[in-house]
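Structure record follows, encoded as structure tokens.
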Amino acid sequence: MHINTNPNNNQNLNECVNHYNTLVGRVSDAVLLIDNAVFIDCNSKSLELFTCEKQFIVGKTPSQISATTQTEGNSIDLFESNYITKALSGKSQNFDWNFIKPNGNTINANVQLDLIILRNKPMIQTIIVDVSESAYFKRKILNAVIDTQEKERKRFAEDLHDGLGPLLSSIKIYLNLISAKKTDDLEKQDLVQYTNELIDEAIRSTKEISNNLMPSLLNDFGMLVAVKSFCKKINMTGLLAVEINTVNCERRFDQHIEINLYRIILELINNTMKHAQARNIFINLEKHNQKVFLTFTDNGIGFNINAIKSKQYSGMGINNIFSRVESLHGLCEYHSEPDKGTCVKIEFNIS
């Protein structure tokens, strides 16, 4: 693209660019200006995003500040050869792209390219949004969901193998003995009785496994009854006191909500029992209009909240809680300090 070299035109163009920069300097996103496939200016948010001085960006082509590894294996020259070309034709472009900082760190970004006209000159407005943290949490949530599913499958397989497996094998042996010609009638009667007892035990074992997957109380009477029943058993031990308060929760929720709420509350209680050394737990569940609020507090030893995302607390099931809250399209906040207990606040819409 040819730039008119007339000094007056250049001066007018510079004034337009300066005025444009004054406007974009007030926005919260990184905004950069491209002319002839080169960055000619950027706002202060861009410098914050890249943690750099202006000369690191201005005068460079997009490929020069792009990471060599791109999403879906794209080559770094695709920015200029494809996206900018299409944007200059008036077609807005939106895509994911990996940039590189001066210190070598990568920025996972979403990029929006739009054609703008400054003093009759076409340029490309580039808006860059850092999605690194968002992508990181999505990966963590996905990994937590997969990990939870794998653990459930493993537990289910162990229950079947260790519980039903031996019973069914024994039943098969007795049936073979019953059908054997050398077995007399009296022995057959005894074998039939033993077989029936094993079948009864297999039925009980099946019910236990089914109840672990979907507690009958939860299925028949709802999440609140199931949670209160579980807490009653905890309270009977005398080691931990659990108090439950509810507001406007008499009517049952959707099954998906009930299952997730039940699992979340049990996971929170389990975390407290395992790690907090607490004496008391208070659970408050409220529904106002179309919004549900769950507050869980304990008076345990607490922990460093910044370590939630680290491997130090990977065994606490916190990722499982976050993944279940995510499935409810809700928000989850942890508040905790060493020796000051833990408070978890969860909210989500039910509409």
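What follows is calculated from the coordinates using simple rules that are stated; it is not laboratory data. In this text the structure is predicted, and so the values were computed from the model without any measurement. With ideal geometry, Cβ positions are generated from the backbone for all residues, glycine too; neighbour counts draw on all protein chains shown.
Of note:
- Length added when fully stretched, A157-I350, from 0.36 nm per residue minus Cα-Cα: 66.1 nm
- Summed side-chain charge close to Q277 - residues other than Q277 whose Cβ falls under 12 Å, Lys, Arg +1, Asp, Glu -1: 0
- Were the residues from S169 through I234 laid out at 0.36 nm apart, the gain over their Cα-Cα distance would be 19.8 nm.
- Taking 7 Å steps out from each Cα toward its Cβ at R204 and F293 produces label points 4.6 nm apart.
- Cα gyration tensor shape for the range 216-349, rounded if a/c is under 1.5, else prolate or oblate: oblate
- Taken about its Cα centre, the range 160-207 carries a charge dipole of roughly 200 debye when the Cβ of each Lys and Arg holds +1 and the Cβ of each Asp and Glu holds -1.
- Residue exposure sequence - D200, D185, D41 - by fewest surrounding Cβ within 10 Å: D185, D200, D41
- DSSP finds beta bridges in the range 216-349, and of those with both partners inside it, around 75 percent are antiparallel.
- Long pairs among K45/K345; K232/K340; K60/K91; K151/K274; K91/K291, criterion Cα-Cα beyond 30 Å: K45/K345; K91/K291
- Proximal aspartates and glutamates to K228, defined as alpha-carbon separation beneath 12 angstrom and excluding residues fewer than eight positions away on the same chain: E243
- Listed by chain and number, the aspartates and glutamates whose alpha-carbon sits under 16 Å from that of K121, ignoring those within fewer than 8 places in the same chain, are E15, D35, D41.
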